[in-house]
Amino acid sequence: MKDKNLYNYILGIADNSLILGQRLGELCGHGPNLETDIALTNISLDLFGQTRSYYQYAAKIAGNDKTEDDVAFLRIEREYRNVLLVEQPNTHFGYVIARQFLFDTFHLLLMEKLQNSGDEHLAAIAKKGIKEVSYHHRFSGDWIKRLGDGTDESHEKIQEAIDGLWRYTDELFHVTEDDALVIEAGIGVNVSQLKEEYYKQVSEILTEATLTVPENKYFAKGGKEGVHTEQMGYILAELQYMQRTYPNMNW
Amino acid sequence: MTVDLQPNIDSTLISVLETVSDPEIPVLTVLDMGVIREAIEIDKIVYIKLTPTYSGCPAMDVIGDDLKAAFSKVGKEARVELVLSPAWTTDWMSEAGKQKMEAYGIAPPLEETADKDALLGNAKIVKCTNCKSTNTRLVSQFGSTACKALFQCNECQEPFDYFKCLK
Ligand SMILES: [Zn+2]
């Protein structure tokens, strides 16, 4: 493949949307109430839409008549480049919101920069996506405040989720070897430079929600290099089932 | 940032384009929605550039098929291309379209600042589609589709969708 670095770079962004979209999709019909159920699946749909645009572009780069569906469904676990945060399970509603908020804050900062990418295709996807992501961010930020500043039980549960997921936040700012080359070419975003602003924004909202900002010494990473947590296999089993069982099946 | 690009549409094609509606809001044509960015005819083939309202809008594939079907009825082949840039904005919806939308029961998008106030619950400005009162409240930022929010009227209790401003 000619542009292997760019291909992997695109997957590093798109796979986050795919896997988080899949996690949110699991909640369809299982949300705590109708409005929240609809909101979470709407966010899922936005993420899948963005994923499609990225994968269509990635498939073109890959050549050999590859399609967006091949990219989405026919890779093995080690070839998925999403961060560990997005594959974490829907343990309870607090985890769903904490995962969303920790991701949305990053996603919005990333889209702001990617709009100015030297690659016009990626810039166009980001300009479209940023409008949707700002709605997601508003939704998850509001829920963080509502749960943190809510009842004793909601406060305790959202704090538990934030504490539980915090160890996955540092990986968002990890730059892989492929990323570095794409950044150098003026196409990729140097995510390591978003770190300070990210923790500042996250801390502000957590504080407003009367929550404690965790102080971790250890962080988990590996997803961006294809080394995932035990959650990933289960997600792929469900995500890929149809294409693996009935190859090339179509709607 | 303002995006007020006029779409490039051959006037001879408008009568056919007007017959294709948005499958989610059937009272609106694709022209009312502003999703057709280009429609030109070269050597009996109609080239159409279609832009999605939201990235994941499931209506886009259907609209593409409907456009091809509408042109094939008048003996023309249509080729539809999906374009992302410049990104669609609610400003591209026609005034007539916004009125039809309200009559259909969906509150049309307000301008950007007013929209933000409405969705943050700071101001009561979204008009009930049933009794026209602005004494309404936000129920959920996400409604029946990604492009809409859910509101309820405090006067007549009508629940209704509000089409969110997208800029
Ligand atoms: Zn009313």
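Here are some notes:
- Annotation: of all residues in segment A:90-133 being crowded, with 21+ Cβ neighbours inside 10 Å and of a type in the set (Asp, Glu), the one that is nearest to A:Arg146 (Cα to Cα) is A:Asp104.
- From the options A:Ala14, A:Ala72, residue that is more than 23 Å from A:Phe101 (Cα to Cα) and within 14 Å of chain B (Cβ to nearest Cβ): A:Ala72
- Segment A:32-60, residues that are within 11 Å of another protein chain (Cβ to nearest Cβ), surrounded by fewer than 24 Cβ atoms within 10 Å (Cβ to Cβ) and within 15 Å of A:Gly94 (Cα to Cα): A:Asn33, A:Thr36, A:Asp37
- Beta carbons closer than 8 Å, at least 6 apart along the sequence or on distinct chains, pair a first residue in segment B:117-132 that is away from every other protein chain (no Cβ under 13 Å) and under 13 Å from B:Asp161 (Cα atoms) with a second that is polar (S, T, N, Q) and within 9 Å of the ligand (Cβ to nearest atom) for B:Val126/B:Thr136; B:Lys127/B:Ser133; B:Lys127/B:Thr136; B:Cys128/B:Asn135; B:Cys128/B:Thr136.
- Matching residues, segment A:115-154, being among the acidic types (Asp, Glu) and in contact with a helix residue (DSSP H, G or I) (Cβ under 8 Å, 6 or more places away or on another chain): A:Asp119, A:Glu132, A:Asp149
- Check on B:Asp61, free of Cβ contacts under 8 Å to residues at least 24 places away in the same chain and under 30 Å from A:Val133 (Cα atoms): yes
- Selection of helices (runs of 4 or more DSSP H) fully inside segment B:12-73 by the criterion of at least 2 residues being more than 27 Å from B:Phe142 (Cα to Cα) returns B:14-17, B:59-73.
- The residue list B:Leu150, B:Leu138 contains one member that is within 18 Å of B:Ile25 (Cβ to Cβ), more than 9 Å from the ligand (Cβ to nearest atom) and of a type in the set (A, V, I, L, M, F, W, C), which is B:Leu150.
- Residues in segment A:75-117 that are aliphatic (A, V, I, L, M), under 14 Å from the mean Cα position of the chain (by Cα) and part of a helix (DSSP H, G or I): A:Leu84, A:Leu85, A:Val86, A:Val96, A:Ile97, A:Ala98, A:Leu102, A:Leu108, A:Leu109, A:Leu110, A:Met111.
- Among the residues of segment B:83-96, the one identified as in contact (Cβ under 8 Å) with a residue 12 or more places away in the chain and of a type in the set (D, E, K, R) is B:Asp91.
- Residues that are more than 16 Å from the ligand (Cβ to nearest atom), surrounded by 20 or more Cβ atoms within 10 Å (Cβ to Cβ) and in a strand (DSSP E or B), drawn from segment B:79-134: B:Val80
- Residue that is farthest from the other protein chains (Cβ to nearest Cβ), among those in segment B:153-167 that are within 11 Å of the ligand (Cβ to nearest atom) and assigned to a strand (DSSP E or B): B:Cys153
- Taking segment B:97-114 as the range and being free of Cβ contacts under 8 Å to residues at least 60 places away in the same chain and touching a Phe, Trp or Tyr at 6+ places or on another chain (Cβ under 9 Å) as the test, the residues that pass are B:Lys98, B:Gly105, B:Ala107, B:Pro108, B:Pro109, B:Leu110.
Every number in this text was worked out from the coordinates using simple rules, so none of it is lab data. This structure is a prediction, so every number in the text was calculated from the model and none was measured. Positions of Cβ are generated from backbone atoms using ideal geometry, with glycine treated the same way; all protein chains shown enter the neighbour counts.
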